[in-house]
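The values are calculated or read from the model by the stated rules, or taken from the named source; none is laboratory data. Source: prediction; values computed, not measured. With ideal geometry, Cβ positions are generated from the backbone for all residues, glycine too; neighbour counts draw on all protein chains shown.
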Amino acid sequence: MTFALAMKMLGATIMAFFTMIGGIFMPTEKKEICMIAHRGYSGIYHENTALAFEKAAKHGSGGAETDIRVTSDGIYVCSHNSSITLKDGTELEIATNTYADLTAQNLEHKNIGNVKLCTLREYLQIMKKNDMVCFIELKGDFDDAQIKEIFDICAEEYELPKCILQSFEMENLLKARKIVPDLPIMLTYGSGDSYEGCIENGISIDADYHCITEEIVKEFHDAGLEVGVWTCNDIFSLEYCKSLGVDYIESDLF
């Protein structure tokens, strides 16, 4: 973290404190920001599992982010990493194993042992039950048929406008824009990345909070696009991003 960013975050936190005090006496209308549970309520529960998504809903999150991969037999599952570790310590690559093999045991976890790999359908069903926003990030390369199938599953299990498709890969997003022109989609943006092509293609942005600036927020808002940030797990980064007027904040804890 740069010194300049640290000072901005500290300033935003101090401003937020005084704004809160002032609001007690002179309430003002604030921009509503949607809190997104990053991989579910992952600060407490096993990330990207049905339990983590259900606990995010109980926590009061407005949405939950997940990462999608595909098994060797074509089942879309929630996992950030390309492999999983089972309860007995066996490590399996998702892309080269069937869903049955991947769910033959519970997942390894130091605190909670009774959780298994969650499917995209299960995730969507939990989101629908709790009226939550879906951040669905594609991990790796997906062909046109797979992207269409993901959209079809989203439409079948929930509502497309509630499902925001994300990817670090611009190619995936352009495929998505071609297949479903009106679907909300976001570029996942980190340090050293480029967001060239987003504005002209109607693609919103979900940025590492270390990279987000007032100028980027204004550029996307002026184009009628949304801005999300990840992953704010302390009060300083949280208040800093709130001060920028972003639309979504991802967190493992808040």
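Given the residues Ile112, Ile94, which is the only one that is among the β-branched types (Val, Ile, Thr), within 25 Å of Gly63 (Cβ to Cβ) and at pLDDT 95 or above? If you could, list the steps in order and put the result at the bottom.
Details: Ile112 fails: at pLDDT 95 or above.
Checking each option against the conditions leaves just Ile94.
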**Message:** Whether any residue in region 135-142 is in a strand (DSSP E or B), without any contact (Cβ under 8 Å) to a residue 24 or more places away in the chain, surrounded by 14 or more Cβ atoms within 10 Å (Cβ to Cβ) and of a type in the set (A, V, I, L, M) is what I want to check.
**Reply:** no
**Prompt:** Can you name every residue in region 202-247 that is β-branched (Val, Ile, Thr), touching a Gly at 6+ places or on another chain (Cβ under 7 Å) and in contact (Cβ under 8 Å) with a residue 40 or more places away in the chain?
**Reply:** Val246
**Request:** Only residues that are closer than 20 Å to Glu65 by Cβ, modelled with pLDDT under 90 and part of a helix (DSSP H, G or I): list them for region 156-172, please.
**Result:** Asn172
**Message:** Cβ contacts < 9 Å: first residue more than 26 Å from Asp131 (Cα to Cα), restricted to region 162-173; second residue assigned to a helix (DSSP H, G or I), any location; separation 6+ or different chain. Result?
**Reply:** Asn172/Ile147
**Prompt:** Among the residues of region 35-64, which ones are more than 15 Å from Leu120 (Cα to Cα), at pLDDT 95 or above and of a type in the set (Val, Ile, Thr)?
**Reply:** Ile36
**Fill in**
If you go through Ile199, Ile153, the only one that is farther than 16 Å from Trp230 by Cα and either hydroxyl-bearing (Ser, Thr, Tyr) or part of a loop (DSSP other than H, G, I, E, B) (or both) is Ile199
